[in-house]
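Just below is one structure, and these are the notes that go with it.
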Amino acid sequence: MKTITLTRPDDWHIHVRNGAVLKTVLPHTARQFARAIIMPNLKPPVTTVAQALVYREEILQAIPDGMDFTPLMTLYLTAATSTEEIKKAAECSFVHAVKLYPAGATTNSDAGVGNIPAIYPLLAALERYGLPLLVHGEVTDEGCDIFDRERVFIERHLSDIAKNFPALRIVLEHVTTSEAVQFVESANTNIAATITPQHLLFNRNALLAGGIRPHHYCLPILKREQHRLALVAAATSGNPKFFLGTDSAPHLTALKETACGCAGCFSAPAALELYAEAFEKVGALDKLEGFASFYGADFYRLPRNSGSVTLAKSEWQIPAVCGEDDVAITPLKAGETLSWKLL
Ligand code: DOR
Ligand code: ZN
């Protein structure tokens, strides 16, 4: 059987929620990844080191026996965040970044930042204390076409942030456009990006293939084929500025399959296999290890993992649903057959 073995990978952007959903989704990630950057957009958001400590404890309790997994915590930036809190976060051992959500841009972002220039003193503190800034890069004005929101955010906000804080390490999360790829490529080495499996595998047609497909709806939304091609080229280029971040974002099936469905693709059950499919399609499986296992760790200044995982060329079916009745969550590509399987 054809196999590929990689150094154990990490997921540099994931939502695992809390409570019953956390217990349902976390084993899928812990099985594949050694570490993951945990998004802080809970209700209420994780805005302090003390809250991150409590959330981290809940995640540790949800790791199945025998699995070795480390959650890397983040704080949710608000207009009320203090520079003292940022200093505290930088000094503690378990908070690894701070997340900027423009207010209203996505799920649980109401407490996010409305006036970006007003938080420049906080960005200065992040730069000073060496804590990375993770960015949901979309403008929120109603007048901006949803397919343009990432490009406009880069033009209107991110270029200025990068200019004003050249030593600030920034991850432009879940990039979806050729403009984002170009921005990251031409920026200094402090600026990197994560790429999701859905943005490598699908273009925006997948939202409306024979009918509305709520499980393909995430934010930033899927874009045109030309953008997908730019993302695939970036992910498979061997450029260490681009690394794996699934943005796996579970929502109950009932909250996706409804008149106003939530944004987010639950990719965790087959995350690594989905990336393997995308890389194999362009003959770039040899580039998967750098993307999945090395570049993110290097950017976050953490040691690369020891140990390995092996994928075999072997067909299997993604389950139709994960979790018990009251926490039923539909995975990305539910019920479909994949050709790579994690052993
Ligand atoms: O599709 C998304 N879902 N995009 C985000 O930025 C947030 C996420 C979520 O938390 O559900
Ligand atoms: Zn996310």
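Are any residues in the range 58-101 among the hydroxyl-bearing types (S, T, Y) and under 20 Å from R304 (Cα atoms), and if so, which ones? Residues satisfying the conditions are T70, T74, S93. Scanning the range 140-149 turns up one or more residues that are under 24 Å from A263 (Cα atoms), of a type in the set (G, A, S) and surrounded by fewer than 23 Cβ atoms within 10 Å (Cβ to Cβ). Within the range 244-271, being part of a helix (DSSP H, G or I), among the hydrophobic types (A, V, I, L, M, F, W, C) and surrounded by fewer than 24 Cβ atoms within 10 Å (Cβ to Cβ) holds for A254, L255.
Of all residues assigned to the range 264-276, none qualifies as being more than 16 Å from ligand 2 (Cβ to nearest atom) and more than 26 Å from D68 (Cα to Cα). Annotation: A233 fulfils all but one of (1) in contact (Cβ under 8 Å) with a residue 40 or more places away in the chain; (2) more than 20 Å from the chain's Cα centre (by Cα); the unmet one is (2).
Look at (1) crowded, with 18+ Cβ neighbours inside 10 Å; (2) out of contact with any Asp or Glu (no Cβ under 7 Å at 6 or more places or on another chain) and you find that P64 fails only one, number (1).
Of the residues making up the range 24-41, those that are over 12 Å from M67 (Cβ atoms) and within 16 Å of ligand 2 (Cβ to nearest atom) are V25, A36, I37, I38, M39, P40, N41.
Within the range 25-46, work out how many residues are assigned to a helix (DSSP H, G or I) and open to solvent by less than 30 Å² (accessible area, probe 1.4 Å).
Restricting attention to the range 25-46, the residues satisfying the condition of being assigned to a helix (DSSP H, G or I) are 25-32.
This time we only want the ones that are open to solvent by less than 30 Å² (accessible area, probe 1.4 Å), so: 25-26, 29-30, 32.
Here the count works out to 5.
Looking only at residues that are within 22 Å of the chain's Cα centre (by Cα) and outside any strand (DSSP E or B) in the range 300-318, which one is farthest from A167 (Cα to Cα)? Within the range 300-318, the match that is farthest from A167 (Cα to Cα) is I318. Among the residues of the range 73-97, count how many are out of contact with any helix residue (DSSP H, G or I) (no Cβ under 6 Å at 6 or more places or on another chain) and open to solvent by less than 10 Å² (accessible area, probe 1.4 Å). Residues that pass the stated criteria total 4.
Any residue in the range 227-238 that is of a type in the set (A, V, I, L, M, F, W, C), out of contact with any Pro (no Cβ under 7 Å at 6 or more places or on another chain) and within 11 Å of ligand 1 (Cβ to nearest atom)? Checked against the condition, which is being of a type in the set (A, V, I, L, M, F, W, C), out of contact with any Pro (no Cβ under 7 Å at 6 or more places or on another chain) and within 11 Å of ligand 1 (Cβ to nearest atom), the range 227-238 yields no hits at all.
When residues of the range 76-124 are filtered for being among the aliphatic types (A, V, I, L, M) and either without any contact (Cβ under 8 Å) to a residue 24 or more places away in the chain or more than 16 Å from ligand 1 (Cβ to nearest atom) (or both), how many remain? Write out each step before concluding.
Let us first name the residues in the range 76-124 that are among the aliphatic types (A, V, I, L, M), namely 77, 79-80, 86, 89-90, 95, 97-98, 100, 103, 105, 111, 113, 116, 118-119, 122-124.
Keeping just the survivors that are either without any contact (Cβ under 8 Å) to a residue 24 or more places away in the chain or more than 16 Å from ligand 1 (Cβ to nearest atom) (or both) gives 79-80, 86, 89-90, 95, 116, 118-119, 122-124.
Looking only at that region, the number is 12.
If only residues of the range 183-215 that are open to solvent by 30 Å² or more (accessible area, probe 1.4 Å) and touching a residue at least 40 places away in the same chain (Cβ under 8 Å) are counted, the one that is nearest to A230 (Cα to Cα) is E185. Residues in the range 33-76 that are more than 23 Å from H136 (Cβ to Cβ) and β-branched (V, I, T): V54, I63, T70.
The values are calculated or read from the model by the stated rules, or taken from the named source; none is laboratory data. Keep in mind that this is a model prediction, so the values were computed, not measured. All Cβ positions, even for glycine, are placed from backbone atoms using ideal geometry, and neighbour counts span all protein chains on display. Note: accessible area is taken over every heavy atom of the protein model, side chains too, but ligands, DNA and RNA are not part of it. Shrake-Rupley method; radii C 1.70, N 1.55, O 1.52, S 1.80 Å.
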